[in-house]
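Here is the structure we will look at.
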Amino acid sequence: MLRKLIKGAAIVSMDTAIGDLPKGDVLIEGDRIAAVAPSIAADDAEVIDASQMLLLPGLINGHLHTWQTGLRGLAADWTVAGYMQAMHRGLATLFRPEDIHIANLVGALNQINNGATTLVDWCHNNPTPAHSDAAVQGLADAGIRALFLHGSPKPDPKPGQKHFSEVPMPRGEVERFCKGRFASRDGLLTFGLAILGPYYSTYEVTEQDLALARELDLFASMHVGGGKGMVPDGFERLLADGLVDRHLTIVHGNDIAPDTVRRIADRGGTFTVTAEIELQMGYGDPLTGILHEHKAPISIGTDVEPAVGSDLFTCMRLTLQHERNRGIIETLERTGSRPQRSAVTCRDALAWVTTDAAKIAGLDDRVGSITPGKQADVVLLRTDALNMTPMRDLVGCAVMQAATANVDTVLIAGRIVKRAGRLLADDLAGKLARLQSSGDRILADFEALPTRAA
């Protein structure tokens, strides 16, 4: 069995039984972590010298629309109304399967380069089976671990068509994936549903979609935010009807009543925060404070690739610091003085992209911590860089100082996919050229739309 020994790293395991090691070794056998200790002898193993590195569990991006990778920068100044109109009713309609493939491929490679070994890909541009297949193949070709969430497009209906809010998830297409590519749940790629929910569909459609998720034991995620929901009391009805459980994850949810948030969490429902986009779009304060106070797991994501950068180090910092500011102001208004300590710590923020994120994605038996028996998803950060020296606190530096430039080595299921700061991807220049051409063609077709000309 091929063995690798990561030698002499500072280790943040995110496993409470192991803790942090100022200097330690990690032994990998095949795709699994075999041992974690201050020193391990393994003469037959390939040695990775990590004496100037900080070792973390592979990071998990809890929410990204990877299919939009070829449109980076386009939505930097957009509001939610502009996004819904231009993206879903315009640009999305112009994507061909090959556009989805190259966007997912390059977007996933970018995540690996940034230190993310797992991606929750919220793919809501699936007008044909060929588009869906291309999206999945792009993730597979990148070699990332991913939870692929099959969504539905949101174009303006053509004459005789139903509005998207009246159309449930396509059972036949979902079953095709469950019986075919995702018949086994043991691979790097797993499958779930990106459903509309009561904000963007009728209550009856939401009921059908959640019933399908339960029947097939699938993760079901829904967007909640960006305007007035179609079913104002939708979550109260879902709770009353017993339709909230571990299958349900809500993305955003900023304007859900705090008591309802707590009740959803108590039933096993979970939440994903994408703070940077929520702030740009004016959704309101992210739910990090309520969820942290309630001791509920939280995952975070970068969300809209055309609007914001997609590295999780920036995402952690922004989410954490916004919540700290919100909490301090709330305490000041309530008590007349500022708190002596931060209610939310850097370790909490790191859990949002490791242990908590793995639990929410249903992958905590495989990844999320440096634990013997789990798959070897590992990130090594260089600590002898200008921005990381001296490293006085392992977790503090990981969350508040580190950046993509520090990501030296990345392993996914024991396979090295980035080493010595170089992404191990064939013909990266050719892939980037394909992405450029794809985006150029989509934008040219968008400018030529009759509605644009008018």
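The values are calculated or read from the model by the stated rules, or taken from the named source; none is laboratory data. Bear in mind the structure is a predicted one, so any value in this text is a computation, not a measurement. Every residue, glycine among them, receives a Cβ derived from its backbone with ideal geometry; neighbour counts consider all protein chains shown. Just so you know, the surface numbers come from the protein's heavy atoms only, side chains and all, with ligands and any DNA or RNA stripped out. Shrake-Rupley method; radii C 1.70, N 1.55, O 1.52, S 1.80 Å.
The residues on offer are 311, 303, and the sole one that is closer than 18 Å to residue 402 by Cβ and touching a residue at least 60 places away in the same chain (Cβ under 8 Å) is 311. The set of residues from segment 12-23 being open to solvent by less than 60 Å² (accessible area, probe 1.4 Å) and either without any contact (Cβ under 8 Å) to a residue 24 or more places away in the chain or over 25 Å from residue 353 (Cβ atoms) (or both) comprises 19, 21. Against the condition without any contact (Cβ under 8 Å) to a residue 60 or more places away in the chain, open to solvent by 20 Å² or more (accessible area, probe 1.4 Å) and not hydrophobic (A, V, I, L, M, F, W, C), how does residue 371 come out, does it pass? No, not satisfied.
Looking only at residues in segment 394-416 that are assigned to a loop (DSSP other than H, G, I, E, B) and either open to solvent by less than 40 Å² (accessible area, probe 1.4 Å) or in contact (Cβ under 8 Å) with a residue 40 or more places away in the chain (or both), the one that is farthest from residue 315 (Cα to Cα) is 414. On inspection, residue 188 passes the criterion of being in contact (Cβ under 8 Å) with a residue 12 or more places away in the chain, open to solvent by 30 Å² or more (accessible area, probe 1.4 Å), touching a helix residue (DSSP H, G or I) at 6+ places or on another chain (Cβ under 9 Å) and closer than 26 Å to residue 118 by Cβ. Helices (runs of 4 or more DSSP H) fully within segment 92-188 that include at least 3 residues being in contact with a Phe, Trp or Tyr (Cβ under 7 Å, 6 or more places away or on another chain) and closer than 27 Å to residue 75 by Cα: 97-113, 129-142. The listed residues are 168, 258, 232, and the only one of them that is open to solvent by 30 Å² or more (accessible area, probe 1.4 Å), free of Cβ contacts under 8 Å to residues at least 60 places away in the same chain and within 20 Å of residue 128 (Cα to Cα) turns out to be 168.
Out of segment 295-308, which residues are farther than 17 Å from residue 123 by Cα and either part of a strand (DSSP E or B) or modelled with pLDDT under 95 (or both)? Those that are farther than 17 Å from residue 123 by Cα and either part of a strand (DSSP E or B) or modelled with pLDDT under 95 (or both): 298, 299. All conditions in (1) over 20 Å from the mean Cα position of the chain (by Cα); (2) open to solvent by less than 40 Å² (accessible area, probe 1.4 Å); (3) at pLDDT 95 or above hold for residue 143, with the sole exception of (1).
Summed over segment 123-140, the residues that are open to solvent by less than 20 Å² (accessible area, probe 1.4 Å) and farther than 22 Å from residue 427 by Cβ give a count of 6.
Per the conditions (1) assigned to a loop (DSSP other than H, G, I, E, B); (2) buried (at least 24 other Cβ atoms within 10 Å of the Cβ); (3) of a type outside the set (Gly, Ala, Ser), the sole criterion not satisfied by residue 60 is (1). Annotation for segment 30-53: at least one member residue is in contact (Cβ under 8 Å) with a residue 24 or more places away in the chain, part of a strand (DSSP E or B) and open to solvent by less than 10 Å² (accessible area, probe 1.4 Å).
Scanning segment 332-365 for residues that are surrounded by fewer than 24 Cβ atoms within 10 Å (Cβ to Cβ), assigned to a loop (DSSP other than H, G, I, E, B) and under 16 Å from the mean Cα position of the chain (by Cα) yields a count of 3. Determine if segment 108-121 includes at least one residue that is surrounded by fewer than 23 Cβ atoms within 10 Å (Cβ to Cβ) and either charged (D, E, K, R) or within 23 Å of residue 219 (Cα to Cα) (or both). No, segment 108-121 has no match at all.
Screening the candidates 90, 70 for the property of being under 22 Å from residue 277 (Cβ atoms), buried (at least 23 other Cβ atoms within 10 Å of the Cβ) and either of a type in the set (D, E, K, R) or in contact (Cβ under 8 Å) with a residue 12 or more places away in the chain (or both) yields one hit, 70.
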